[in-house]
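Could you have a look at this structure, given as structure tokens, before my questions?
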Amino acid sequence: MVHGPARLTVETIDDILERVLVQQEASVDLRDVRSIDPCALLLLNLLVLEARERRIAVRFDWPQRADVRAWMRGMGFFEQVGSSIASPTNAAGGTLQPIAEIDDEAGIGRVVDGFHRRLAERYPLTESSRRTLIAILIELFQNIPHHSNATGAVDDPHGLAAMQDDDGAITVAIADKGIGLCGSLGLRPGYEGISDAGALDAILRDGISRFADAGRGGELQRIVGVVRSWDGEFVLRSGSARLYFDERGGDIVDVPAFPGVQLAIRIPLRHFDVGPVDP
Amino acid sequence: MTTMHVEEFRIAQFGTRLGTRLEGERARAELESLIESLPEEGQVRLLLDGLEVLSTSFADELVGKTYQRVVDGGFGDRTMVLDAPALELAEGVDVKLAQRKLAMLCLHDGRWRLIGFHTPALAETLALILEKRHTTARELADELGLQMSASVNRVARLADLRLVRRRKIGMKGPQDIYALDSILGG
């Protein structure tokens with residue numbers, strides 16, 4: 001049995017990913033989990049789907065804390081993973097934007113509008129912040145249909161996105177379990193067989209894309225620049241590599257392999273003018 | 001002096017928050033039809049008014065790719081310029097043009113400026129051509145204090161980028177003599 005940590009984050013979830021997918025543990029005990037970050041929630045969602053697709057029989061005991069369960073329910077997590085778990089409350093647990101599915105490029109405008117509406121309801125965005133954030137959402141969301149199944153190797157990359165605020169920041173998380181950055185970039189001549197860490201570096205540092213067209217690529221590189229200029233946090237996990245940075249610095253580290261790309265940006269609330277709008 | 005045929009193309013007709021590459025590709029089909037319908041030396045003025053967001057992907061798919069075709073001669077002598085009420089809205093276009101090593105004239109606050117990939121020297125030369133409307137490489141060399149070869153090189157680059165019109169009007173020794181016209185009309 002795997003015991004979940006008190007704080008389930010994009011970092012602390014690694015042990016669970018490895019023990020379910022590699023060691024095929026039969027049970028994951030998350031009952032003592034007291035908080036979950038949005039990216040970890042999407043990873044957990046994809047882990048349940050991945051285990052199911054690989055026919056790994058694993059039982060999940062969900063968090064017992066009422067507020068955590070209510071938040072997961074409000075985020076649509078239990079619906080996503082097909083669990084009919086009862087929640088002790090009907091409250092949405094302070095959710096900002098529940099998990100949305102990103103299936104194809106044609107539906108992205110609708111998803112972006114939904115995120116924008118939710119954000120505007122709670123925060124008085126400045127014109128500049130709104131423009132920048134929406135442009136970022138468009139670029140991040142369309143990466144899923146553009147890249148997650150570029151080889152046609154997966155049945156369904158399960159593109160997901162969610163957004164959550166807390167006392168200090170707004171976090172946007174995007175995740176899929178497609179072919180990953182190296183699978184996509186590896187399609188470009190000269191980049192065949194590139195490693196996960198190598199692909200992360202080429203895409204984020206050099207702005208390389210799988211497309212040879214001069215106008216393609218560079219979007220993630222620019223988003224990294226915006227997040228840095230906002231003193232925000234950025235995490236991108238793909239395959240067996242994870243990049244993290246905040247205002248103090250960052251690095252690429254090796255992590256247990258998991259399919260696809262999972263990304264989160266955390267933007268300090270001061271960039272959205274002030275605190276939440278009074279109801 | 002000729003009157004140039006200018007048509008406006010309002011990008012906000014496709015929505016106020018744009019968008020994905022797919023949306024840009026659809027819009028491009030309409031823009032290209034408009035350019036093709038223009039007479040030779042006609043011009044499309046892309047209007048950014050009414051837009052809230054213009055993503056870099058949409059900008060590249062609509063403006064970057066179309067402008068690449070303009071510069072490559074795919075639309076004959078027709079040209080394209082941008083009209084941006086807020087420079088922030090033109091950022092995506094600026095970024096993608098720079099990535100494609102292209103430059104475009106953009107009207108903001110009543111003033112024309114270059115966006116995309118360019119150098120101060122190129123911008124200086126273009127500004128003088130726009131001011132004079134009609135000139136020659138020799139005249140530019142004199143006014144900018146340049147060697148003739150430097151002036152000719154700058155003019156050639158501006159002509160390649162479809163930022164000026166260049167007509168050969170004769171030869172002096174081994175060197176072609178060109179008349180230069182602003183693309184902003186007479």
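The values are calculated or read from the model by the stated rules, or taken from the named source; none is laboratory data. None of the values given here were measured: they were computed from a predicted structure. Note: ideal-geometry Cβ built from the backbone for every residue, glycine included; neighbour counts use all protein chains shown.
Which condition number in (1) hydrophobic (A, V, I, L, M, F, W, C); (2) over 25 Å from A:Met72 (Cα atoms); (3) modelled with pLDDT under 95 is the one that A:Leu187 fails?
Of (1) hydrophobic (A, V, I, L, M, F, W, C); (2) over 25 Å from A:Met72 (Cα atoms); (3) modelled with pLDDT under 95, only one is false for A:Leu187: (3).
Something else about it: Among the numbered conditions (1) surrounded by fewer than 21 Cβ atoms within 10 Å (Cβ to Cβ); (2) part of a helix (DSSP H, G or I); (3) not β-branched (Val, Ile, Thr), tell me where A:Ala199 comes up short.
In the conditions (1) surrounded by fewer than 21 Cβ atoms within 10 Å (Cβ to Cβ); (2) part of a helix (DSSP H, G or I); (3) not β-branched (Val, Ile, Thr), A:Ala199 misses (1) alone.
Residues checked against (1) surrounded by fewer than 20 Cβ atoms within 10 Å (Cβ to Cβ); (2) free of Cβ contacts under 8 Å to residues at least 60 places away in the same chain; (3) more than 14 Å from every other protein chain (Cβ to nearest Cβ); (4) assigned to a helix (DSSP H, G or I):
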{"position": "B:Glu23", "(1), (2), (3), (4)": "no, yes, no, yes"}
{"position": "B:Glu30", "(1), (2), (3), (4)": "yes, yes, yes, yes"}
{"position": "B:Glu41", "(1), (2), (3), (4)": "yes, no, yes, no"}
{"position": "B:Asp77", "(1), (2), (3), (4)": "yes, no, yes, no"}
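Quick one: in the range A:158-177, of everything that is in a loop (DSSP other than H, G, I, E, B) and more than 13 Å from the chain's Cα centre (by Cα), which residue is surrounded by the most Cβ atoms within 10 Å (Cβ to Cβ)?
Filtering the range A:158-177 for residues in a loop (DSSP other than H, G, I, E, B) gives A:158, A:166-168, A:176-177.
Checking which are more than 13 Å from the chain's Cα centre (by Cα) leaves us with A:166-168.
Numbers: A:Asp166: 14, A:Asp167: 6, A:Gly168: 10.
Out of the qualifying residues, it is A:Asp166.
Next question. Go through the residues of the range A:194-210 one by one and say whether even a single one is without any contact (Cβ under 8 Å) to a residue 12 or more places away in the chain and either under 30 Å from B:Glu25 (Cβ atoms) or more than 14 Å from every other protein chain (Cβ to nearest Cβ) (or both).
Filtering the range A:194-210 for residues without any contact (Cβ under 8 Å) to a residue 12 or more places away in the chain gives none.
Within the range A:194-210, not a single residue is without any contact (Cβ under 8 Å) to a residue 12 or more places away in the chain and either under 30 Å from B:Glu25 (Cβ atoms) or more than 14 Å from every other protein chain (Cβ to nearest Cβ) (or both).
Quick one: in the range B:43-75, of everything that is assigned to a loop (DSSP other than H, G, I, E, B) and acidic (Asp, Glu), which residue is nearest to the other protein chains (Cβ to nearest Cβ)?
Applying the first criterion (assigned to a loop (DSSP other than H, G, I, E, B)) to the range B:43-75 yields B:48-52, B:55, B:72-75.
Still in the running and acidic (Asp, Glu): B:49, B:52, B:72.
Numbers: B:Asp49: 15, B:Glu52: 7, B:Asp72: 12 Å.
Residue satisfying both the conditions and the ranking: B:Glu52.
Please give the helices (runs of 4 or more DSSP H) falling wholly within the range A:1-95 in which 3 or more residues are in contact (Cβ under 8 Å) with a residue 40 or more places away in the chain.
Details: elements: A:14-21, A:38-53, A:66-74, A:77-80.
Once the helices (runs of 4 or more DSSP H) in the range A:1-95 are filtered for at least 3 residues that are in contact (Cβ under 8 Å) with a residue 40 or more places away in the chain, what remains is A:14-21, A:38-53.
Just name the residue that is surrounded by the most Cβ atoms within 10 Å (Cβ to Cβ) out of those in the range B:90-118 that are out of contact with any Ser or Thr (no Cβ under 6 Å at 6 or more places or on another chain) and of a type in the set (Val, Ile, Thr).
B:Val93
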